[in-house]
């Protein structure tokens with residue numbers, strides 16, 4: 001391609017010719033035109049570049065605008081889709097705050113009926129006769145206040161506690177009050193909007209969230225966080241023991257357990273017409289509730305019993321055997337019982353008003369006081385919002401004064417269990433006497449919501465005092481909000497035991513029929529180790545005791561915690577065995593190790609059982625053996641154990657009915673028949689009808 005200057009010069013020459021000028025243009029003319037043309041060409045090129053840049057910039061802004069528009073559209077769609085969820089979260093947070101406030105009103109008001117108004121925090125709106133409460137259990141809503149005022153028009157005592165009120169509905173700025181269906185007589189709960197603060201109509205009392213069987217949902221945690229509204233049953237799933245091949249591990253080691261709380265909690269569920277949560281069932285506590293009529297040793301502290309027979313439970317397992325091991329403690333007569341220094345630690349928080357729990361506590365403790373002797377002493381500590389010493393230790397010669405103090409207790413406030421238990425143990429430590437029974441008796445529903453609320457935290461407080469020899473009886477009361485996890489753990493790890501009292505008859509069983517066994521310990525840190533012979537036993541399964549497992553190597557470690565056994569108490573453990581065919585000889589050697597209650601001297605003894613000691617068939621076994629097997633089967637079915645697969649209650653019920661004729665004087669066995677029958681009916685009903693999870697949330701969202 002030729003240079004632009006040459007092409008331009010030719011074009012100029014052609015132009016001159018076309019103009020009719022035949023003469024050759026002068027060099028000056030050509031140079032002048034060329035320079036002008038080149039200047040114009042440069043100017044034209046710059047303009048083209050500028051135009052190109054402007055066009056490019058315009059295109060860039062168009063793209064940016066398009067991208068921005070796309071982003072805005074996407075954000076709009078996301079907000080549109082997520083707004084209902086965010087709105088529901090805000091509603092639930094508002095419900096939780098209001099629920100916590102209303103559930104604790106009784107802690108802040110007198111015995112008169114009250115009017116509660118939820119509205120803005122403007123102080124000018126507060127009535128002169130009222131009190132403003134802006135913080136319940138540590139929860140604070142910046143723009144909300146709850147106003148409590150006494151209603152002078154009604155001087156009658158407040159009505160019994162009802163389920164807490166929980167607001168459900170639209171966000172605060174737009175919500176409308178919901179009509180009240182279950183108005184609580186003598187109380188008004190008026191709700192205003194956030195903007196105007198105008199009171200609306202009464203909101204509905206909403207019952208606590210219910211589980212599929214009518215009671216509040218069962219939870220697995222030990223305690224709720226501080227400040228949370230508590231209305232649930234707390235249980236823990238410890239799993240189910242598997243079969244263990246003796247080639248892998250021929251030793252089975254566990255701490256003894258005389259607790260019976262699980263059985264009576266489940267009994268309460270069934271009597272109330274509900275199936276219990278599977279987590280509430282601990283098989284060993286079912287088995288240990290019953291009397292197997294072991295003969296007590298005359299000289300030794302303990303004696304071991306063993307019995308085995310063929311057993312088939314569920315489906316898919318053949319050639320199985322059931323081994324029952326029984327440990328019986330020596331009896332101590334009431335006259336020979338040591339003097340007792342007892343410290344009652346009583347929960348008097350607001351939750352103890354429910355179902356008259358505190359009333360049952362009072363009746364139970366009166367029964368205990370009436371059975372004590374003149375040299376026994378009693379002190380009382382209580383806890384609600386704070387713990388306090390209610391009465392220094394007094395001798396039973398002041399029985400009337402002791403009973404008067406018990407009768408005067410009233411329930412109110414939140415639950416500062418940590419402080420109450422600490423004060424109780426300090427009292428027990430100050431009153432401690434060597435050679436006496438030094439025991440703390442804790443009466444509670446286990447719902448702790450102030451201070452340190454976990455079992456480990458509370459155990460840390462009492463650990464040193466427990467090592468000194470102060471034992472613990474944990475007695476649970478109540479249903480609807482109840483913490484089985486906390487109470488059972490305190491009983492196991494606090495050198496004591498755990499009992500649940502659901503009726504006055506159960507209180508009589510504990511404090512009248514077996515008072516000495518309840519109070520006086522004969523063996524501390526009792527552990528059992530069973531050594532199975534791998535040449536005879538193919539595999540084994542310990543039924544229950546999942547939360548009492550002890551590492552095999554810790555059996556002879558006397559610092560490792562075991563169980564405490566009272567006078568006359570017995571412990572029963574059941575193993576399911578699979579044997580090698582046509583084998584003879586020793587099946588298992590049972591080792592028992594414990595500390596003497598007073599001297600702390602360690603004793604260990606053993607007992608053997610051989611194949612020749614087995615019963616030939618199940619029907620040929622003792623009535624007590626059949627009873628233990630029946631109770632274990634019942635518990636395994638209730639907790640839906642994998643090993644109960646294919647098992648049905650009809651066979652269990654039939655066997656229980658037969659046993660009731662052999663134990664005709666034993667009210668517990670007769671009651672067992674009734675409980676199995678109730679369970680069978682409830683299971684059939686549940687299989688036909690879907691579980692009712694309570695009223696739907698949508699119903700409460702409708703204005």
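Please compute P(r) over all alpha-carbon pairs of segment 556-604, binned at 5 Å starting from zero, and give each bin as a whole-number percent.
Percent of pairs per bin, in order: 4, 11, 21, 19, 15, 11, 10, 7, 2, 0.
Starting from the eigenvalues of the Cα gyration tensor, five times each then square-rooted, give me the equivalent ellipsoid semi-axes of segment 444-570, largest first, whole Å.
In descending order the semi-axes read 28, 19, 17 Å.
Order of 486, 579 from fewest to most other C-beta atoms within 10 Å?
579, 486
Which FRET efficiency value, to the nearest 0.05, is calculated for residue 370 and residue 318 with the Förster distance at 56 angstrom and r the Cβ-Cβ distance?
The computed FRET efficiency comes out at 0.55.
Starting from the Kirkwood radius over alpha-carbon pairs of segment 615-661, derive D by Stokes-Einstein at 20 °C in a medium of 1.002 mPa s and give it in µm² s⁻¹.
Using the Kirkwood radius from Cα pairs, D works out to 191 µm²/s.
For 61, 580, 311, which order do you get if you count the other beta carbons within 10 Å of each Cβ and list the fewest first?
61, 580, 311
Using a 7 Å offset from the Cα along the Cα-to-Cβ direction at both residue 237 and residue 600, what is the distance between the two label points in nm, to one decimal?
For the pair residue 237/residue 600, the computed spacing is 4.1 nm.
Grab the eigenvalues of the alpha-carbon gyration tensor for segment 325-415, scale each by 5, take roots, and send me the semi-axes largest first in whole angstrom.
Ellipsoid semi-axes (Å, largest first): 27, 18, 12.
Give me the number: length gained by fully extending residue 642 to residue 582, i.e. 0.36 nm times residue separation minus the C-alpha to C-alpha distance, one decimal in nm.
18.8 nm
For residue 74 and residue 607, FRET efficiency with R0 = 56 Å and r from the beta-carbon atoms, rounded to 0.05?
After rounding, the FRET efficiency stands at 0.15.
Within 10 Å of each residue's Cβ, count the other Cβ atoms and sort 642, 482, 269, 305 from fewest upward.
Ranking 642, 482, 269, 305 by Cβ neighbours within 10 Å, fewest first, gives 642, 305, 269, 482.
Round to the nearest 0.05 the FRET efficiency obtained for residue 557 and residue 300 when R0 = 25 Å and r is the Cβ-Cβ distance.
Working from the Cβ atoms, E equals 0.60.
What do you get when you divide the Cα radius of gyration of segment 340-519 by 2.2 N^0.38 Å, with N the number of residues?
It is 0.92.
Using 0.36 nm per residue of separation minus the Cα-Cα distance, give me the extension gain between residue 547 and residue 293 in nm, one decimal.
Extra length from residue 547 to residue 293 when fully extended: 88.8 nm.
When the chain is fully extended, how far beyond the present Cα-Cα distance does residue 412 get from residue 619, taking 0.36 nm per residue of separation?
Residue separation times 0.36 nm, minus the Cα-Cα distance, leaves 69.0 nm.
In nm, give the distance between the simple-model label positions of residue 684 and residue 657, each being 7 Å from the Cα along the Cα-to-Cβ direction.
Placing both labels 7 Å beyond Cα along the Cβ direction yields 1.2 nm.
How far apart, in nm, are the 7 Å Cα→Cβ label points at residue 459 and residue 665?
In this crude label model, residue 459 to residue 665 measures out at 4.1 nm.
Rule-based calculations on the coordinates, nothing more; no lab input. Keep in mind that what you see is a predicted model, and the values were worked out from it rather than measured. Every residue, glycine as well, gets a Cβ built from its backbone with ideal geometry; the counts of neighbours run over all protein chains shown.
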